[in-house]
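The values are calculated or read from the model by the stated rules, or taken from the named source; none is laboratory data. Computed from a predicted model, the values in this text were never measured in an experiment. No Cβ is skipped: glycine too gets one built from the backbone with ideal geometry, and neighbour counts run over all protein chains shown. In case anyone asks, the SASA skips ligands and DNA or RNA and just uses the protein heavy atoms, side chains included. Shrake-Rupley method; radii C 1.70, N 1.55, O 1.52, S 1.80 Å.
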Amino acid sequence: MSLKLPDAEQLVSALAAQIKPRLDSGTALIGIHTGGAWIAQKLQQQLGLTTPIGLLDISFYRDDFARIGLHPQVKPSNIPFDVEGRRIILVDDVLYTGRTVRAAMNELFDYGRPASIELAVLIDRGGRELPVFARYSGATLELADNQNIELKKDKEDRLSLCLNQT
Amino acid sequence: MHSNPQLSKNGELQHLLTIEGLPATLLTQILDTAQSFIGVTEREVKKLPLLRGKAIFNLFFEPSTRTRTTFEIAAKRLSADVINLNISTSSQSKGETLLDTIDNLEAMHADMFIVRHAQSGAAHLIAQHVAPNVHVINAGDGRHEHPTQALLDMFTIRHYKREFANLRVAIVGDILHSRVARSQIHALTTLGVPELRVIAPKTLLPAGVENLGVHVYHDMQRGLKDVDVVMMLRLQSERMQGPLLPSAQEFFKYYGLTAEKLAAARPDAIVMHPGPMNRGVEIDSSVADGPRSVILPQVTFGIAVRMAVMSILAGN
């Protein structure tokens, strides 16, 4: 079975269009490492935001640490602005179980108390295991449990989606 | 010996006992993970949930302030429960054997032991004895190794010099009795430092030290010429009056690091010391407190490095 995947760059533009009318001057984007960070970078340019984007690596907050251990390539999180009282849009590539978003919110609260957190994702593939909702989403796809979608970036910084079967 | 006892069958770190025999990829992984922990100290909440609910026992059979405290801070930053045991003043003096002590602590559901012991191989012995889900970190065993000290030293060097590939490094002082030096030599050679020197009087060098891949010098002027990193060692007080040295003053005259001797090194050379320092014996105050000293940053980096080791072990 082959599935026609949407164009990632178009989905980013669609996301930007959804976010734009609800933007205010203090809003900051935080991308979840690595795919979310790429998307946040592009959103920031397309939306003309002046606040630098934040970057979260949620490895230290994963709920499966006891089972699978530490990811060998942990990247430092970097939040170059004050989280306290700020409106934040978390950005990730694929929303699935919701566990990554849970971990990201836990980490974010260790930087301060944001005014609000919303979620923007390129693909919502269903399969939620936690009460997590994406206010902004590029596309909704129905996928089998053994399929997963991966976001890739080429040398020219162009994003694309690819489907993996296990 | 068929394999490295600190690594699992698929090469994952189970215990940290020695630097000797660990691959460069693993050392680099520890340093990279430590780098990620550095940012945590700048946040509002300086704690991570990784080791929540784990019990970590600091087992110090030998006195230590810095190492024990930084391990304790590191474990607390990872949300573990830390129990400090000063064994020299408790059961051992009542005659309990080392492994009986360990059995009792394991019965209290210990998840990790951090061990300092005067006997070389003590941490190794404990690691072979404990259940498979319990991890052991060697915090210094006799004259053998002190792996987390070497790792924090490597982190410090990488922080200031970026790469190991072009460095000239000198280790100065009592190499013979130093577990720190042994771990440093293994770490520096594994990470690819092309020129490693040791500078010491003949009486304070182990036999066959050249076989570890180091160049031996007995003269500071020549040994420090054009080095990028100077790693001083502590001269233990019992060595100051003994058959190996005439006196502490004499040692300082020939091997103590002064601004004058440091002038032979590269202008941007950094000066390191594992502490505690003997000012006026192995290092002059003007150097220890001077602009090229990175001795206090070493202590700070030690927390992140120990967080990295503990969280990698706990996840494996």
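Filter segment A:141-151 down to the residues that are assigned to a strand (DSSP E or B) and touching a Lys or Arg at 6+ places or on another chain (Cβ under 9 Å), then identify the one that is surrounded by the most Cβ atoms within 10 Å (Cβ to Cβ).
From segment A:141-151, those assigned to a strand (DSSP E or B) are A:147-151; that's our starting set.
If we keep only those that are touching a Lys or Arg at 6+ places or on another chain (Cβ under 9 Å) too, we end up with A:147-149.
Values: A:GLN147: 15, A:ASN148: 15, A:ILE149: 20.
Top of the filtered list is A:ILE149.
Name the single residue that is farthest from the other protein chains (Cβ to nearest Cβ) among those in segment B:6-44 being modelled with pLDDT under 90 and not in a loop (DSSP other than H, G, I, E, B). Restricting to residues being modelled with pLDDT under 90 and not in a loop (DSSP other than H, G, I, E, B), the top hit is B:THR41. When residues in segment A:81-96 are screened for being assigned to a loop (DSSP other than H, G, I, E, B) and either among the hydrophobic types (A, V, I, L, M, F, W, C) or away from every other protein chain (no Cβ under 12 Å) (or both), 5 of them pass.
Is it the case, given these coordinates, that B:ASP103 is crowded, with 21+ Cβ neighbours inside 10 Å and closer than 22 Å to B:LEU313 by Cα?
Numbers: crowded, with 21+ Cβ neighbours inside 10 Å: no; closer than 22 Å to B:LEU313 by Cα: yes.
Answer is no for this residue.
Within the span defined as segment B:122-132, one or more residues are open to solvent by 30 Å² or more (accessible area, probe 1.4 Å) and either outside the structural domain of B:THR69 (by TED's automatic domain parsing) or assigned to a loop (DSSP other than H, G, I, E, B) (or both). Being crowded, with 16+ Cβ neighbours inside 10 Å and either in contact (Cβ under 8 Å) with a residue 60 or more places away in the chain or assigned to a helix (DSSP H, G or I) (or both) holds for only one residue in B:ARG222, B:ARG234, and it is B:ARG234. Only a single criterion out of (1) buried (at least 19 other Cβ atoms within 10 Å of the Cβ); (2) in contact with a Lys or Arg (Cβ under 6 Å, 6 or more places away or on another chain) is not satisfied by B:VAL229, namely (2). When residues in segment A:55-80 are screened for being assigned to a helix (DSSP H, G or I), basic (Lys, Arg) and facing chain B (nearest Cβ under 7 Å), 0 of them pass. Selection of segment B:141-172 for residues being closer than 20 Å to B:ALA118 by Cα and in a loop (DSSP other than H, G, I, E, B) yields B:GLY142, B:ARG143, B:HIS144, B:HIS146.
Tell me which residues, restricted to segment B:306-316, are within 14 Å of chain A (Cβ to nearest Cβ) and either part of a helix (DSSP H, G or I) or modelled with pLDDT of 95 or more (or both). Give the derivation first.
If we filter segment B:306-316 for residues that are within 14 Å of chain A (Cβ to nearest Cβ), which is where we start, we get B:307-316.
Once the filter is applied, which keeps residues that are within 14 Å of chain A (Cβ to nearest Cβ) and either part of a helix (DSSP H, G or I) or modelled with pLDDT of 95 or more (or both), segment B:306-316 yields B:MET307, B:ALA308, B:VAL309, B:MET310, B:SER311, B:ILE312, B:LEU313, B:ALA314, B:GLY315.
In the set (1) modelled with pLDDT under 95; (2) not in a loop (DSSP other than H, G, I, E, B), A:GLU118 fails one condition alone, (1). B:VAL271 versus (1) open to solvent by less than 10 Å² (accessible area, probe 1.4 Å); (2) in contact (Cβ under 8 Å) with a residue 60 or more places away in the chain; (3) of a type outside the set (Lys, Arg): which is the lone unmet condition? Of the numbered conditions (1) open to solvent by less than 10 Å² (accessible area, probe 1.4 Å); (2) in contact (Cβ under 8 Å) with a residue 60 or more places away in the chain; (3) of a type outside the set (Lys, Arg), the odd one out for B:VAL271 is (2). Taking the conditions exactly as written (open to solvent by 50 Å² or more (accessible area, probe 1.4 Å), among the hydroxyl-bearing types (Ser, Thr, Tyr) and closer than 28 Å to B:THR67 by Cα), does B:THR189 satisfy them or not? Considered against the rule, which asks whether it is open to solvent by 50 Å² or more (accessible area, probe 1.4 Å), among the hydroxyl-bearing types (Ser, Thr, Tyr) and closer than 28 Å to B:THR67 by Cα, B:THR189 comes out as yes.
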